[in-house]
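The values are calculated or read from the model by the stated rules, or taken from the named source; none is laboratory data. In this text the structure is predicted, and so the values were computed from the model without any measurement. Every residue, glycine among them, receives a Cβ derived from its backbone with ideal geometry; neighbour counts consider all protein chains shown. Calculation scope for accessible area: heavy atoms of the full protein, side chains included, ligands and nucleic acids excluded. Shrake-Rupley method; radii C 1.70, N 1.55, O 1.52, S 1.80 Å.
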Amino acid sequence: MYNNAIAVEIIEVSKRYGYLQALKSVSLEIEEGEFLAFSGHNGAGKTTLLKIIATHISPSSGTVKIFGDDAFKNSAEIRRRIGLVTHESFLYDELSVKENLLFYAKLFSVKEEEDFLDTIEFLGLKRWYNVPVKQLSHGLRKRADIVRALIHNPDLILLDEPFAGLDTNTCDILVNYFKSRKGKGKTLLISSHSLEWSKKICDKRISLDKGKIVGEISF
Amino acid sequence: MKNIWDFQRAALGIAEKDLRAELRRSYEVLSILTFSVGSILICSFAWSGGSVGSKPEVASAALWIILFFASILAFTTSFTREADRGTLGGLKTLPCSPLAILYGKIIYGTALLFFVECVLIPFSIIFLNLELSGRFPALLLVCFLGAMGLSFAGSFVSGLVMFSEGKTLLLSFLLIPVCMPVLIPSVVATEEIIGGSGITEVVPELRLLISFLLLITAVMILTFEFVLEE
């Protein structure tokens, strides 16, 4: 099913915030092309794990390899291959959707606006392209954030609670979009409480509890 | 070479984004300008009946007190706004080093403060009756280097406090000692120039300013990577 190359390799990763042990010796291998969901209660360590994979935070111990490279030795280059969406929007309220996207495109060396206009159209954002982000609803903002995360055509897509607070129509659009990415060499990791929507995209679910992996189920 | 080019592009891109957002907001820049111009007017009322230009130490002190407090207003939001709104995460997704993000903020801060100076200095010349003759470019150079120094210090301290409680208060307290190596030579050089000295007479003060810039750059290179981590 997959091409057996390892996209993400997590080796005995732990993360401590003061007295709180967010992750405890987590080890995991994710193959290229795999679509995987993380599930678990609040505080299970899902967001921490995604942030470590995205190189936003460094682990207290352990090693993370992204496409064979140590994620924290060459993190700037690694981030060229990663797209991250979290529950917080990374868009600037004062700027329009277009201005936000062009800012990120420029820094990711995306040369042509045409490269991401298709995604804008697919996610139904064309009408709001020149509108300041602060005027967008939560659902539209999430869609714009997803375009922002995918603007550089990343090989590894990380989504933290992408369906939170969205209506059914928007969730359907997002599911259809991510399903269209399957089989195109992309690896996708979702952290979500909503198994209903994750099931529609992912092949497998990994459960976390108190910072440890406690189960793995195929959908 | 490619790394230097990527660094420069990232820093300039971030600065451009901040300046564009600042122009859209406008109320912050207007607040800083209102504070600065208002302060000069109040100083001119307080010293009316005599030319402050004949007391260069007074004019220099007034100018740099106003600029320092304007920088507090400007840098209170530099990194803290990004952290509060969550957009800091977006900057951390970029394929650049944390230093590039910091330098983008420094470029933005320098441009903002220099813009404030370009409004403040003519107002000071008019309302404080300063006689500069041909020394205006020298004053501009000192003010530009001083703005750069305040921006280096302000952006760095803003990054240090962005995850703290009471960050506004902490920023103000920390800026005072960190900015002293900028303020002292800037005040002295400005006083000398207003008093009639040329650029050659203030070379020791300019050397001090440049030394500070180099020193704080070294500190930032060694530490800023750890500052961005929550």
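Quick one: count up the residues across the range A:148-164 that are within 13 Å of chain B (Cβ to nearest Cβ), in contact with a Phe, Trp or Tyr (Cβ under 6 Å, 6 or more places away or on another chain) and within 17 Å of A:ASN42 (Cβ to Cβ).
Residues meeting the conditions: 0.
Give the range B:78-113 a look and list any residue that's within 14 Å of chain A (Cβ to nearest Cβ), among the small types (Gly, Ala, Ser) and part of a helix (DSSP H, G or I), or say none.
The answer is B:ALA83, B:GLY89, B:GLY90, B:ALA100, B:GLY104.
Taking A:GLY43 as meeting all but one of (1) open to solvent by 10 Å² or more (accessible area, probe 1.4 Å); (2) at negative phi, write down the number of the exception.
Of the numbered conditions (1) open to solvent by 10 Å² or more (accessible area, probe 1.4 Å); (2) at negative phi, the odd one out for A:GLY43 is (2).
Taking the condition of being more than 30 Å from B:SER197 (Cα to Cα) and aromatic (Phe, Trp, Tyr), how many residues in the range B:54-87 meet it?
2
Can you list the helices (runs of 4 or more DSSP H) found entirely within the range A:108-219 that contain at least 2 residues being among the basic types (Lys, Arg) and within 18 Å of the chain's Cα centre (by Cα)? Explain how you work it out, then say what you get.
Working: elements: A:114-122, A:138-150, A:168-180, A:195-201.
Filter on the range A:108-219 gives A:138-150, A:195-201.
What is the number of the single condition among (1) open to solvent by 20 Å² or more (accessible area, probe 1.4 Å); (2) within 13 Å of chain B (Cβ to nearest Cβ); (3) touching a residue at least 60 places away in the same chain (Cβ under 8 Å) that A:PHE72 does not meet?
Against the list (1) open to solvent by 20 Å² or more (accessible area, probe 1.4 Å); (2) within 13 Å of chain B (Cβ to nearest Cβ); (3) touching a residue at least 60 places away in the same chain (Cβ under 8 Å), A:PHE72 comes up short only on (3).
For the range A:80-94, state whether one or more residues are more than 17 Å from the chain's Cα centre (by Cα), at the interface with chain B (Cβ under 7 Å from one of its Cβ atoms), under 15 Å from A:ILE151 (Cβ atoms) and surrounded by 14 or more Cβ atoms within 10 Å (Cβ to Cβ).
yes
Just need a number here: residues in the range A:10-29 that are closer than 16 Å to A:ILE57 by Cα and among the acidic types (Asp, Glu).
The number of residues fulfilling the criteria is 1.
Out of all the residues in the range A:26-46, is one or more within 17 Å of A:LEU158 (Cβ to Cβ) and in a helix (DSSP H, G or I)? Talk me through it step by step, then tell me what you get.
We begin by selecting, within the range A:26-46, every residue within 17 Å of A:LEU158 (Cβ to Cβ); these are A:26, A:28-40, A:44-46.
Remaining after also requiring in a helix (DSSP H, G or I): A:46.
Yes, some residue in the range A:26-46 is within 17 Å of A:LEU158 (Cβ to Cβ) and in a helix (DSSP H, G or I).
Being at pLDDT 90 or above and among the basic types (Lys, Arg) is true for just one of A:LYS212, A:LYS182. Which residue is that?
Working: A:LYS182 fails: at pLDDT 90 or above.
A:LYS212 is the lone residue from the list that is at pLDDT 90 or above and among the basic types (Lys, Arg).
Tell me which of these B:PHE163 doesn't satisfy, since it passes every other one: (1) of a type in the set (Phe, Trp, Tyr); (2) surrounded by fewer than 24 Cβ atoms within 10 Å (Cβ to Cβ); (3) in contact (Cβ under 8 Å) with a residue 60 or more places away in the chain; (4) away from chain A (no Cβ under 14 Å).
(4)
What single numbered condition from (1) crowded, with 21+ Cβ neighbours inside 10 Å; (2) within 14 Å of chain A (Cβ to nearest Cβ); (3) touching a residue at least 24 places away in the same chain (Cβ under 8 Å) fails to hold for B:VAL116?
It is condition (2) that B:VAL116 fails.
Of all residues in the range A:23-38, count the ones that are more than 15 Å from A:ILE10 (Cα to Cα) and open to solvent by 10 Å² or more (accessible area, probe 1.4 Å).
1
For the range B:120-151, enumerate the residues that are open to solvent by less than 40 Å² (accessible area, probe 1.4 Å) and closer than 29 Å to B:MET220 by Cβ.
Answer for the range B:120-151, where residues must be open to solvent by less than 40 Å² (accessible area, probe 1.4 Å) and closer than 29 Å to B:MET220 by Cβ: B:LEU120, B:ILE121, B:ALA138, B:LEU139, B:VAL142, B:CYS143, B:LEU145, B:GLY146, B:ALA147, B:GLY149, B:LEU150, B:SER151.
Could you pull out the residue among A:LYS126, A:LYS111, A:LYS106 that is surrounded by fewer than 19 Cβ atoms within 10 Å (Cβ to Cβ) and more than 24 Å from A:ALA54 (Cα to Cα)?
On the way: A:LYS111 fails: more than 24 Å from A:ALA54 (Cα to Cα); A:LYS106 fails: more than 24 Å from A:ALA54 (Cα to Cα).
That would be A:LYS126, the only listed residue that is surrounded by fewer than 19 Cβ atoms within 10 Å (Cβ to Cβ) and more than 24 Å from A:ALA54 (Cα to Cα).
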